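S.K.: One structure, as structure tokens, below. Some questions next.
The values are calculated or read from the model by the stated rules, or taken from the named source; none is laboratory data. Keep in mind the model is a prediction, meaning the values are calculated, not measured. A quick note on method: Cβ atoms are made from the backbone with ideal geometry, for glycine too, and the neighbour counts reach across all protein chains shown.
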Amino acid sequence: MSSSMGDEVSDRSVALMAPDRALLERLRPVAERIFTETFGRLYDPGDFKRFCDGAYRPGGTMSRDFDDPRVHWRVATVQGDPIGYAKLTPLRAPASRPRAGAMELQQIYVLSDWHGAGVAARLMEWGLATARAQGAPDIYLTVFDHNERAKRFYARYGFEEVGRCTFQLGERIDDDRIWRARLDGLKADELGDP
């Protein structure tokens, strides 16, 4: 982490921590709030509620991923209260010809009140460092095609669009993009990638 980034958030006392189950329980409603702030207006309310119930309620996707030892988490907190999080997993996105050991930054979310405060940058730096420490040659993520703010942020960290996939919530099917950053310094053209 660069010292300027640390200075940027130190006044607001943001800490990054690996969550225990108690912190995960406090994160659950915050994660749902962030997802709702970001995407709730795009979907049928009933479909959106069913999706959130399946993702954020006890026993849902979030709990299953927490119990999976292959999934790495960091939660950004202020005075112990969650304000954002990142989740790093083995590659799950339908990437074309991924290299062995590739990982995916499956989620990186921060409450909108904290946008611009350097929290997402710290979470991203944690994700990149953790993927490197795991020996991943590449890190992938998916992003909603119309989320220009997120795409600009990812590009600053060397991510480039390498494919497309879909995300379905209820009857709506969205066009998402698959982005990749090389962690071993190789460029796509050196590997014969398109």
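S.K.: Given (1) under 23 Å from GLN134 (Cα atoms); (2) not in a helix (DSSP H, G or I), where does ASP65 come up short, assuming only one miss?
M.R.: Every condition holds for ASP65 apart from (2).
S.K.: In the range 116-156, what count of residues is obtained for those that are touching a strand residue (DSSP E or B) at 6+ places or on another chain (Cβ under 6 Å) and either polar (S, T, N, Q) or more than 21 Å from PHE35 (Cβ to Cβ) (or both)?
M.R.: 6
S.K.: How about the range 108-143: which of its residues are closer than 20 Å to ILE178 by Cα and either charged (D, E, K, R) or modelled with pLDDT under 95 (or both)?
M.R.: Within the range 108-143, GLU125, ARG132, ASP138 meet the criteria.
S.K.: For ALA155, work out the one condition from (1) more than 25 Å from MET62 (Cβ to Cβ); (2) hydrophobic (A, V, I, L, M, F, W, C); (3) in contact (Cβ under 8 Å) with a residue 24 or more places away in the chain; (4) not in a strand (DSSP E or B) it doesn't fulfil.
M.R.: (3)
S.K.: Residue check: is ALA136 touching a Gly at 6+ places or on another chain (Cβ under 7 Å) and either part of a strand (DSSP E or B) or not β-branched (Val, Ile, Thr) (or both)?
M.R.: So ALA136 fits the description; yes.
S.K.: Here's something else I'd like to know. Return the residues of the range 97-122 that are within 24 Å of GLY163 (Cα to Cα) and within 11 Å of the chain's Cα centre (by Cα); say none if nothing qualifies.
M.R.: Those that are within 24 Å of GLY163 (Cα to Cα) and within 11 Å of the chain's Cα centre (by Cα): GLU104, LEU105, GLN106, GLN107, ILE108, TYR109, ALA120.
S.K.: Here's a follow-up. Going by what's in this entry, would THR77 be described as farther than 24 Å from TRP179 by Cβ, touching a strand residue (DSSP E or B) at 6+ places or on another chain (Cβ under 6 Å) and either among the basic types (Lys, Arg) or surrounded by 12 or more Cβ atoms within 10 Å (Cβ to Cβ) (or both)?
M.R.: When the stated conditions are applied, THR77 passes them.
S.K.: Restricting attention to the range 80-110, which residues are among the acidic types (Asp, Glu) and surrounded by fewer than 19 Cβ atoms within 10 Å (Cβ to Cβ)?
M.R.: ASP81
S.K.: Output the residues belonging to the range 45-62 that are closer than 22 Å to ILE173 by Cα and not in a helix (DSSP H, G or I).
M.R.: Across the range 45-62, the qualifying residue is only GLY60.
S.K.: Pick from VAL78, VAL110: which is more than 16 Å from PHE39 (Cβ to Cβ) and β-branched (Val, Ile, Thr)?
M.R.: Being more than 16 Å from PHE39 (Cβ to Cβ) and β-branched (Val, Ile, Thr) holds for just one of VAL78, VAL110, which is VAL78.
S.K.: Can I ask one more? Checking ARG149 against (1) modelled with pLDDT of 95 or more; (2) in a helix (DSSP H, G or I); (3) not acidic (Asp, Glu), which test does it fail?
M.R.: The number of the failed condition is (1).
S.K.: How many residues are in a loop (DSSP other than H, G, I, E, B), at pLDDT 95 or above and among the small types (Gly, Ala, Ser) if we restrict to the range 171-194?
M.R.: Within the range 171-194, residues that are in a loop (DSSP other than H, G, I, E, B), at pLDDT 95 or above and among the small types (Gly, Ala, Ser) number 0.
S.K.: Only residues that are within 13 Å of the chain's Cα centre (by Cα) and within 26 Å of VAL14 (Cα to Cα): list them for the range 66-96, please.
M.R.: Selection gives VAL71, HIS72, TRP73, ARG74, VAL75, ALA76, GLY84, TYR85, ALA86, LYS87, LEU88, THR89.
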